[in-house]
Amino acid sequence: MLKGEIVTQKEVDLLKQFKESIKDVEVDDWLKSDYTLIKFLRARQHNLQASEKMWRESMEWRKSYGTDEIYKRYCAMSNGTMEPTPEFKLLKKFYSCSLVGADKTGSPVAWDRIGLSDLGGIVDEIGIHNLTSWMVALSEEAVANYRYVSETNPEGRIFLGGNVIADLRGLGISHLGVVGKYAKVAGILEANYPERVKTVFLLNPPWVFGKIFALIKPMLNEGTQVKMRVLTSNVMETLEERIDLDNIPEHAGGKLPWPENNKIGTVPKGVLYSEFGKPAKVPASNWYGESLDKHIAPEVTTPPPFCMNKSSAELYYKYENDRDYGRLDGFGTSPSPNFMMPTTIASVEASLTQNPSHISPQFLVSQTS
């Protein structure tokens, strides 16, 4: 049964004032709708001045960040009218959060197996900007769905947010290094998608959770913090009070199979290129030495480029987002079956000259600083 929430008379009166105060701003009608504005009102405890400030800042952010275009591309890739990008494919496979159904009032339930996901690997492969865009697109999608249900509800009730169940099993020291980047993403969502969650259940918290939450907490609104519940006992009993077993994943004691296309675990280095077809552009300024210019075009689109360490003369592959280098002989790919690893700069040039098969989009020699 869809229950939703009731808009109070106090909120109705404040909404009229809110709309009057923002008449000067030109945005899409839905961004000035009762549904949107009440989220900002509640996020600022019905303080009209603070709510308006938050809303105006959010509208400026939407314009500068290109939110509408990001969401349009996300929808096009989701429905098949646009070829998915390599980053989109990787996130679909490795991002640990999945919509599993609804609670007993009809509000969505998202399950995040964050403790078993490779947060650092995702950021390393696609960069924090692409992860942020993904999170923004998911938030836009959720808001659109909630708004539709709210505005078509015959009883006039509203659905502001959904439930998030985060399984922290597996969370460890390795997650500390990337949590700061995720905290920034959380800050963006908090500032621009208020009241997006109904309840957050945190399951199986390990000892390191306190340290990680201390880094994220400053990014969360007080209203979000009070909706968070850490469950260490009677977990299933608590969840079943709100959610039917059919909407709880099997690994947690429910009856719902985890989506087969959602892989939990390590993100292999280079998978953005090797599995999802991400091309990397290598500018001419990165080539090692002018003597190799005759072999290589000024700019080439290729699988992972390679570089030579000046001090050790070892070949390495380098990712487009400038993360750590990995040794070429550990990558498992070669330009040709009879490829011999050059050991000096001179032998690199000689190898290229003597074996034209090496002069291909599969093999580039570039400099490192």
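The values are calculated or read from the model by the stated rules, or taken from the named source; none is laboratory data. Small disclaimer: the values here were computed from a predicted structure and weren't measured. Cβ atoms come from the backbone with ideal geometry, glycine included; neighbour counts cover every protein chain shown. Remember, those area values only see protein heavy atoms, side chains included, never the ligands or the DNA or RNA. Shrake-Rupley method; radii C 1.70, N 1.55, O 1.52, S 1.80 Å.
Figures for the structure shown
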{"item": "Checklist (1) touching a Gly at 6+ places or on another chain (Cβ under 9 Å); (2) without any contact (Cβ under 8 Å) to a residue 60 or more places away in the chain applied to Phe213, failing item", "result": "(1)"}
{"item": "Matching option when the condition is in contact with a Phe, Trp or Tyr (Cβ under 8 Å, 6 or more places away or on another chain) and open to solvent by 40 Å² or more (accessible area, probe 1.4 Å), among Arg196, Arg242, Arg229", "result": "Arg229"}
{"item": "Subset of the range 245-254 that is loosely packed, with under 13 Cβ neighbours inside 10 Å and of a type outside the set (Gly, Ala, Ser) - its residue that is farthest from Ala166 (Cα to Cα)", "result": "Asp246"}
{"item": "Residue count for the range 195-239, restricted to those that are assigned to a helix (DSSP H, G or I), more than 23 Å from Tyr146 (Cα to Cα) and not hydrophobic (A, V, I, L, M, F, W, C)", "result": "6"}
{"item": "The range 147-171, subset polar (S, T, N, Q) and more than 25 Å from Ile248 (Cβ to Cβ), residue nearest to the chain's Cα centre (by Cα)", "result": "Ser150"}
{"item": "Test: Ile188 is open to solvent by 40 Å² or more (accessible area, probe 1.4 Å) and either part of a loop (DSSP other than H, G, I, E, B) or not aromatic (Phe, Trp, Tyr) (or both)", "result": "yes"}
{"item": "Filter result (free of Cβ contacts under 8 Å to residues at least 24 places away in the same chain and within 29 Å of Leu14 (Cα to Cα)) within the range 45-67", "result": "Asn47, Gln49, Ala50, Lys53, Glu60, Lys63, Ser64"}
{"item": "Filtered residue count, the range 255-270, keeping only those that are open to solvent by less than 30 Å² (accessible area, probe 1.4 Å) and modelled with pLDDT of 85 or more", "result": "1"}
{"item": "Residues located in the range 3-59, provided they are under 27 Å from the mean Cα position of the chain (by Cα) and outside any helix (DSSP H, G or I)", "result": "Val27, Asp28, Arg44"}
{"item": "Residue tally, condition among the aromatic types (Phe, Trp, Tyr) and open to solvent by 50 Å² or more (accessible area, probe 1.4 Å), over the range 1-57", "result": "1"}
{"item": "Index of the failed condition, Leu99 passing every other in (1) open to solvent by 70 Å² or more (accessible area, probe 1.4 Å); (2) more than 30 Å from Gly120 (Cβ to Cβ); (3) not in a helix (DSSP H, G or I)", "result": "(2)"}
{"item": "Selected residue (criterion: surrounded by the most Cβ atoms within 10 Å (Cβ to Cβ)) from residues of the range 103-114 that are under 8 Å from Ala166 (Cα atoms) and not charged (D, E, K, R)", "result": "Trp111"}
{"item": "Contacts under 9 angstrom Cβ, first residue in the range 137-153 being more than 15 Å from Leu189 (Cβ to Cβ), partner in a helix (DSSP H, G or I) and of a type in the set (S, T, N, Q), 6 or more apart", "result": "Arg147/Thr36"}
{"item": "Residues satisfying the stated conditions in the range 171-227, i.e. touching a strand residue (DSSP E or B) at 6+ places or on another chain (Cβ under 6 Å) and among the basic types (Lys, Arg)", "result": "Lys198, Lys227"}
{"item": "The lone exception for Arg169 - which of (1) part of a helix (DSSP H, G or I); (2) touching a helix residue (DSSP H, G or I) at 6+ places or on another chain (Cβ under 6 Å) it fails", "result": "(1)"}
{"item": "Members of the range 154-168 found to be touching a residue at least 40 places away in the same chain (Cβ under 8 Å) and more than 22 Å from Val185 (Cα to Cα), listed by number", "result": "Glu155, Gly156, Arg157, Ile158, Phe159"}
{"item": "Pairs, first among the β-branched types (Val, Ile, Thr) in the range 79-96, second surrounded by 14 or more Cβ atoms within 10 Å (Cβ to Cβ), C-beta under 9 Å, six or more apart", "result": "Thr81/Cys75; Thr85/Arg73; Thr85/Met77; Thr85/Asn130; Thr85/Phe276; Thr85/Lys278"}
{"item": "Residue satisfying condition, being open to solvent by 20 Å² or more (accessible area, probe 1.4 Å) and small (Gly, Ala, Ser), within set Gly161, Gly66", "result": "Gly66"}
